[in-house]
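Presented below is the structure to which this report refers.
Bear in mind that the values in this text are calculations on the coordinates, not laboratory data. It should be emphasised that the depicted structure is a prediction, and the values quoted were computed from it without experimental measurement. Using ideal geometry, Cβ is built from the backbone for each residue, glycine included, and neighbour counts are taken over all protein chains shown.
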Amino acid sequence: MVRRLEMDRITFCIPSKSNLRYLKACIPSIRENAHRKDHDIVVFVDSDEDGTVEWLKEVKDDYNISYHVNPDLGKSLYGIGMAYDYCIEKSTTDIFMIFHADMMLAKDADLIAWKQLKEKHVVCSTRIEPPIHPNAGEKILVDFGMWPEDFMSKEFDNYVKLAKEKYGDKTTEGIFAPWMMYKSDFLKIGGHDKILHSCREDSDVFNRMHLAGYNFIQSWQSFVYHLTGRGAGSFDGDEERHKNWQHMMTNSTREFIRKWGTGVQHDALMKPLVSKKYNISFVIENCSDAHVQLLYHVEPWCDSIYCNESIGKKYVELEQNNTSFDLTKRLKSITSQPTENVIVKFDSQHLSTQERFNFLTQLSNILTDSGQVGHMKYDIFDIEIKSLDTYENELINVKN
C-alpha cells in the first residue's frame, strides 16, 4: 500500500450508551483538535435515556456527524463490540479509530498516530487520566477534571505540549482505546466477537490481533484525556450505572475465560499475553446438590465437565441465560468416557483451598511449562494427558 504524504481522512467510531453528557465534550474535541477537520465521525446509539438522539439530530450538520440507532432501542443492547463493528461497517474510509465517548482528543493526536500506521499495525494514543485507578506506567495520571463539564481544556492543551517535549519519540507496545488501524486488517479477523457482549471485547480482539501477528504501537506523542470508564460505567461515582456495568463485566469475564482458558493477561504496559489453549476436561467425583456453586466457579476454566448428571442439569438451568456457550455440550454425565486431550479428575469435597482452585485456573500455563503426555498425580488431582496439542490459533477469526 502506497502511503500519501498528506494525512488520510479517517473515521472516528464512537458507541454511545446514554452518553450525552460525554458526547458533548468528546465530539467538539475531535473537531477542534484533529489535524484534519473533515474526518468522519460515526456514532452508534445503543441506548438513549438522556436525549442523545435528539441532540445528535440537532448538531449533526454543525459537527458533520453520522449517527445510527439501535433498531431495538430500549429493548435490547448491541453491546460495545457490535456497536463498534456497526460503525466500522458504515465507515467509508480505509482507516478507522476506535474512540470512547468519555475521551477528549488532544491537538494533532490523529496525525501523530497516523504517521505510525502501517498494514498489520495497530496504533493507540496515550491516555491522560485523573488519578482514580492505579498506573503501571502505561498512562499518565494528571487531573484535568473528573467529569466532562469540569474538563480544563486550556490546562490540558498546555500540558500536552510539555508532555510531547518530555516523551520525545517514545513508543511502547501497549494497546488500549483509542486505537487506529486499517479497516481491511480488522475485517480479516472477523471484527469483534459478539459473545463478549458489553465488556472484555477489547481484550479478546487484542488477543486475536496478537496471535495474527499484528504489531502494536502506543505513541507517547498522541494523547487523549480519558475520564476512565465513565461512559461505560466502570467508575463507581454513578451507582446505578456502575451496578449494571459490574453485572455485565462478570458475565463477559466468564465468557472470556471459557473462550481463552485464562483471565485477561497483559504486561505492565498493556501488551497482550496469550496462553496456549488446551482441550481440557474436569471429572468431578462425589458432586452433590451442595456443589452447584462449585460448578459455577470451575466450569469456565475447562472445555467440558463430567459430573453427576442431575447436578449438571441444575447448573445449566441456573447459568445458561448468562452465556452464549451451549452449556448442555459442556456439562456431561460422569458415566461418560472423557474424550478431551487433558483430563483432570478430583473429588469435589477436597477442592477446599484457594491453592487447589488456583491450580485449575493456572492449568494452561502449568501444562505449557511442565506438561508431559502420560498419567500423573498432583495433590488431589489425577491428571491424564493424551496430547499437548493446542488450538488458540483457531480463535483468531470469528464468524459473526
Item to check | Karplus (6.51, -1.76, 1.60) ³J(HN,Hα), θ = phi - 60°, over the stretch 130-140, in Hz, Gly and Pro reported as x | outcome: x, x, 9, 10, x, 10, 9, x, 8, 8, 10
Item to check | Out-of-range pairs (alpha-carbon distance over 19 Å; input 120/188; 90/115; 276/377; 17/194; 24/164; 276/399) | outcome: 90/115; 276/377; 24/164; 276/399
Checklist entry - What's the exposure ranking of 366, 257, going from fewest to most Cβ atoms within 10 Å? => result 366, 257
Checklist entry - Pick from 313, 17, 107: which residue has the top mean-square fluctuation in a GNM of the chain where Cα pairs under 10 Å get a spring? => result 313
Checklist entry - Which whole-Hz ³J(HN,Hα) couplings does the stretch 251-266 yield from phi under the Karplus relation 6.51 cos²θ - 1.76 cosθ + 1.60, θ = phi - 60°, glycine and proline marked x? => result 5, 5, 5, 5, 5, 4, 5, 4, 6, 9, x, 9, x, 5, 10, 7
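Tell me, what is the FRET efficiency for residue 149 and residue 309 to the nearest 0.05, using R0 = 56 angstrom and their Cβ-Cβ distance as r? Walk me through the intermediate numbers first.
Working: r = 57 Å, r/R0 = 1.02.
Calculated transfer efficiency: 0.45.
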Item to check | Violating pairs (Cα-Cα greater than 25 angstrom) within the set 277/345; 57/243; 170/277 | outcome: 57/243; 170/277
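Dipole magnitude of the chain about its Cα centre, charges +1 at Lys/Arg Cβ and -1 at Asp/Glu Cβ only, in debye to the nearest 20? Write out the running numbers ahead of the final one.
On the way: 48 positive and 60 negative charges, 181 e Å.
For the chain, the charge dipole is close to 860 debye.
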Checklist entry - Each residue of the stretch 171-181 in order: what ³J(HN,Hα) in whole Hz does its phi give by Karplus 6.51 cos²θ - 1.76 cosθ + 1.60, θ = phi - 60°, with x for Gly and Pro? => result 9, 10, 9, x, 9, 7, 4, x, 10, 10, 7
Next on the checklist: Ignoring solvent entirely, what values of log10 I(q)/I(0) come out of the Debye formula for the chain at 0.14 Å⁻¹ when each Cα is a single scatterer?
Outcome noted: -1.20
Next on the checklist: If I stretch the segment between residue 111 and residue 288 completely, what's the gain in nm (0.36 nm per residue apart, minus their alpha carbon distance), one decimal?
Outcome noted: 57.7 nm
Item to check | Whole-angstrom gap from the stretch 200-219 to the stretch 3-58, using each part's C-alpha centre | outcome: 24 Å
Checklist outcome for this item: Long-range amide H partners of residue 341, meaning residues 5 or more apart or on another chain whose placed amide H is closer than 5 Å, are 279
Next on the checklist: I'd like the isolated cysteines in the chain, meaning no second cysteine's beta-carbon lies under 4.7 angstrom from theirs.
Outcome noted: 26, 124, 199, 302
